Amino acid sequence: MRKITRNMLKIYKPLSELDWMNYRIVKESELTYHHIVKKCDGGKSIISNGAILLPIAHQYLHLIESVDINRYDRLNKIFKDINSSCKEPTRDMRILIEYLLSEFEYRNIDKVMNNGKRLIKCEFRDRDFY
């Protein structure tokens with residue numbers, strides 16, 4: 001785990017045992033740092049530019065980016081709001097995140113990628129929020 005992620009864990013103390021996209025944290029050591037503003041766009045590896053995500057959630061977020069940039073931007077806006085609060089996501093934030101993810105899945109459940117695989121995999125949908 002990167003030092004920046006460890007520092008974020010000290011600040012945000014995920015008492016709910018969920019990452020920022022509502023995936024159940026089994027091992028904190030598996031958490032990753034997501035750049036809200038990408039490095040290639042000048043984003044720095046600083047606490048205010050990061051989100052705490054499990055690898056599967058991080059992968060899913062970038063899949064969303066490739067299919068629905070507006071939804072990706074909305075999720076990153078919520079992550080910025082979480083950073084502004086210096087606390088783990090509120091229940092309202094988690095509900096909005098869950099809504100955005102569920103709506104994305106509903107709209108894309110039948111889509112198939114160029115390689116013939118389904119866009120929405122079961123493991124992407126396996127969140128623990130409710």
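Quick notes on this structure:
- Residues of segment 35-74 that are surrounded by 20 or more Cβ atoms within 10 Å (Cβ to Cβ), in contact with a helix residue (DSSP H, G or I) (Cβ under 6 Å, 6 or more places away or on another chain), at pLDDT 95 or above and part of a helix (DSSP H, G or I): Ile64 alone.
- In segment 1-34, the residues that are out of contact with any helix residue (DSSP H, G or I) (no Cβ under 6 Å at 6 or more places or on another chain), farther than 24 Å from Ser102 by Cβ and part of a loop (DSSP other than H, G, I, E, B): Arg2, Lys13, Lys27
- Meets criteria (more than 16 Å from Leu75 (Cα to Cα) and of a type in the set (A, V, I, L, M)) for Ile36: no
The values are calculated or read from the model by the stated rules, or taken from the named source; none is laboratory data. As the structure is a prediction and not an experimental result, all values here were calculated from the model. Cβ sites come from the backbone with ideal geometry, for glycine too, and all protein chains shown count toward neighbours.
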